[in-house]
Amino acid sequence: MNQNTFELNGSAGSIAFDLEHFDELLVSDGGPYRIERVTGDWWPPGHTLGWGDTFTLEYAHLARAIAGDGTVAPHAATFEDGYRAAEVCDAILRSAESGRRERIDYR
């Protein structure tokens, strides 16, 4: 009903995510996938996380960061995260034009 998925594959393993199960991350170190629960310490085990709950948790985390009780990382994107994402997008465009693999050099 709301299948929005991604999968990343690399030389050391893979991760996969499905929005319909957004408290789970599938992780592989080269073998079969295993399920990693990604709710961490802030949500009781065995309780499902609803779509609306994510916004409440995001706002609470942002408010704590604004109040000076920590930073937005690692739960939210930093300026460096945005920079790195732009570098990946640029490499994708270069690869599409060249038809070759492109290296990502973080400066």
Expressed in nm to one decimal, what extension gain is obtained for the pair PHE17 and ALA85 from 0.36 nm per residue of sequence separation less their Cα-Cα distance?
-> 22.7 nm
Taking R0 as 25 Å and r as the Cβ-Cβ distance between GLU58 and GLU7, the FRET efficiency 1/(1 + (r/R0)^6), rounded to the nearest 0.05, comes to 0.55
Of every hundred units of 1.4 Å-probe accessible area on the chain, the number belonging to carbon and sulfur atoms, as a percent, is 56
Which angle from 0 to 90°, rounded to the nearest 10, does the C-alpha axis of helix 79-98 make with the longest principal axis of the chain?
-> 30
Between ILE92 and TRP51, the two model label points (7 Å from Cα along the beta-carbon direction) sit apart by a distance in nm of 2.3
Computed, not fitted: 222 nm per-residue ellipticity of the chain from DSSP H runs ≥ 4 (each -39500 (n - 2.57)), nearest 500, equal to -11500 deg cm²/dmol
The stretch 15-26 - phi-based ³J(HN,Hα) in whole Hz, Karplus 6.51/-1.76/1.60, Gly and Pro as x = 9, 9, 9, 10, 4, 5, 10, 7, 9, 10, 10, 8
Dividing the alpha-carbon radius of gyration of the stretch 1-44 by 2.2 N^0.38 Å, where N counts its residues, gives 1.23
How big is the stretch 1-98 on each of its three principal axes, counting only the C-alpha atoms and giving the largest first in Å?
-> 46, 33, 28
Two pseudo-spin positions, 7 Å from Cα along C-beta at ARG101 and at VAL27, lie apart in nanometres by 2.4
Folded to 0 to 90 degrees: helix 51-66 orientation relative to the chain principal axis, Cα | 90
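The values are calculated or read from the model by the stated rules, or taken from the named source; none is laboratory data. The model shown is predicted, which means the values in this text are computed figures rather than measured ones. Backbone-built Cβ (ideal geometry, glycine too); neighbour counts: all protein chains shown. Surface areas here come from the heavy atoms of the whole protein model, side chains and all, with no ligands, DNA or RNA. Shrake-Rupley method; radii C 1.70, N 1.55, O 1.52, S 1.80 Å.
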